[in-house]
Amino acid sequence: MSPETPTTRPYRRIGTPKTVGPGKTGIVLVSDHASNLVPEGLDLGVPPGTMDMHIAVDIGVEGVAERMARRHAIPAHLACVSRLVIDLHREEDHPNLIPMESDGVLVPGNIGADRAERLAKFYHPYHDAMADWLDEADPRLIVSLHSFTPQLETQPDENRPWEVALLYNQNAEPARHAIRLFAAQGLTVGDNQPYSGRELNATMNRHAEAKGRDYLAIEVRNDLIATEAGQARWAALIADVAQRTVLALDAK
């Protein structure tokens, strides 16, 4: 964990939003699944190696976000707790907020977990801080960054051909621009794949669509960002697409 990160907080920040116009800042990034941290004193009871799997963390995303913040001036608000502890990208009443199983792996430590306690310790501080940060920044565009596995253990026959995908719910216009821009790079681009943003869009529904903010919910295939070279490449690519999306939106 970065020295910038207070261990008592379920989030950390990199960079400061920069003003680009009257009362408006530029692009910011958020990532709900950037960490595989399990807080001290909490035993999930999962097999060895589980915390390095896609079910515990969005593989590669933290490295991409770090580079986007430090090299491309896109400040970030990143989760500092594993999605197996509490899934910050779910509604408070979602049945899988505290998962007891994920892609065929049982999570015994979550059976009978104190839901209210985890909400109070992790979920509410994370989202309350994000809300305050976004209200103060009033960004032109939010990038919500995730990664997906090429192959689910429980669905071995499912075809996942995309290299990158855009998710959206009601506000589809930014995603349409980004889909076009990624495709122009010769990439195979998913449109509301491998998950539909009309069903799984909790954080952007709350912090973007409910506030009338434009956003890009981006899923990158995790084998493409598992290395530092891949993270650097995709940080530059996503930063460029996000900036050109803003230009396209402002040109209308």
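The values are calculated or read from the model by the stated rules, or taken from the named source; none is laboratory data. Note that this is a predicted model, so its numbers are computed, not measured. Don't worry about glycine lacking a Cβ; one is built from the backbone with ideal geometry, like all the others, and counts go over all protein chains shown. Heads up: the accessible areas ignore ligands, DNA and RNA and are worked out on the full protein's heavy atoms, side chains in. Shrake-Rupley method; radii C 1.70, N 1.55, O 1.52, S 1.80 Å.
Out of all the residues in region 226-247, is one or more hydroxyl-bearing (Ser, Thr, Tyr) and over 24 Å from ALA69 (Cα atoms)?
Within region 226-247 (the criterion being hydroxyl-bearing (Ser, Thr, Tyr) and over 24 Å from ALA69 (Cα atoms)), the answer is no, since none of the residues qualifies.
Taking each residue of region 168-186 that is closer than 13 Å to ARG244 by Cα and looking for partners that are of a type in the set (Lys, Arg) and open to solvent by 20 Å² or more (accessible area, probe 1.4 Å) with beta-carbon atoms closer than 8 Å, six or more apart or interchain, yields HIS177/ARG244; LEU181/ARG244.
Criterion first (more than 26 Å from LEU216 (Cα to Cα), assigned to a helix (DSSP H, G or I) and more than 14 Å from the chain's Cα centre (by Cα)) does GLY45 satisfy it? For GLY45, the condition - more than 26 Å from LEU216 (Cα to Cα), assigned to a helix (DSSP H, G or I) and more than 14 Å from the chain's Cα centre (by Cα) - is not met.
Take the conditions in contact (Cβ under 8 Å) with a residue 60 or more places away in the chain and open to solvent by 30 Å² or more (accessible area, probe 1.4 Å) and apply them to LEU141. Does it pass? Working first, answer last.
Numbers: in contact (Cβ under 8 Å) with a residue 60 or more places away in the chain: yes; open to solvent by 30 Å² or more (accessible area, probe 1.4 Å): no.
No; evaluated as a whole, the condition is false for this residue.
Condition first: open to solvent by 40 Å² or more (accessible area, probe 1.4 Å) and at pLDDT 95 or above. Can you find one or more residues in region 19-35 that meet it? No - not one qualifying residue is present in region 19-35.
Figure legend. Inter-residue proximity from region 223-252: first residues more than 12 Å from VAL143 (Cβ to Cβ) and among the charged types (D, E, K, R), second residues open to solvent by less than 80 Å² (accessible area, probe 1.4 Å) and in a helix (DSSP H, G or I), beta-carbon distance below 6 Å, spacing 6+ or different chains. Indicated pairs: ARG244/LEU181. Applying the criterion of being of a type in the set (Ser, Thr, Tyr) and under 16 Å from the mean Cα position of the chain (by Cα) to the residues of region 185-214, the residue that is most open to solvent (accessible area, probe 1.4 Å) is TYR195.
Residue count for region 8-18, restricted to those that are touching a residue at least 24 places away in the same chain (Cβ under 8 Å), open to solvent by 20 Å² or more (accessible area, probe 1.4 Å) and in a loop (DSSP other than H, G, I, E, B): 5. Here's a check for you: in region 102-112, which residue that is modelled with pLDDT of 95 or more and surrounded by fewer than 17 Cβ atoms within 10 Å (Cβ to Cβ) is nearest to LEU145 (Cα to Cα)? The extreme case among them is LEU106.
May I ask you to verify whether ALA165 is over 17 Å from the mean Cα position of the chain (by Cα) and among the small types (Gly, Ala, Ser)? Quick ask: steps written out before the conclusion?
Working: over 17 Å from the mean Cα position of the chain (by Cα): no; among the small types (Gly, Ala, Ser): yes.
Criteria not met by ALA165.
When GLU92, GLU66, GLU40 are checked against the criterion of being open to solvent by 30 Å² or more (accessible area, probe 1.4 Å), under 18 Å from ARG12 (Cα atoms), assigned to a loop (DSSP other than H, G, I, E, B) and of a type in the set (D, E, K, R), GLU40 stands alone in meeting it. Restricted to region 147-178, and to residues there that are surrounded by fewer than 16 Cβ atoms within 10 Å (Cβ to Cβ) and among the polar types (S, T, N, Q), the residue that is modelled with the lowest pLDDT is THR154. Of the residues making up region 113-134, those that are open to solvent by 50 Å² or more (accessible area, probe 1.4 Å) and in contact (Cβ under 8 Å) with a residue 24 or more places away in the chain number 1.
Residues considered: LEU141, LEU134, LEU145, LEU187. Of these, the only one that is touching a strand residue (DSSP E or B) at 6+ places or on another chain (Cβ under 9 Å) and assigned to a helix (DSSP H, G or I) is LEU134. Checked against (1) within 24 Å of ALA73 (Cα to Cα); (2) charged (D, E, K, R); (3) assigned to a loop (DSSP other than H, G, I, E, B), ARG198 passes all but condition (1).
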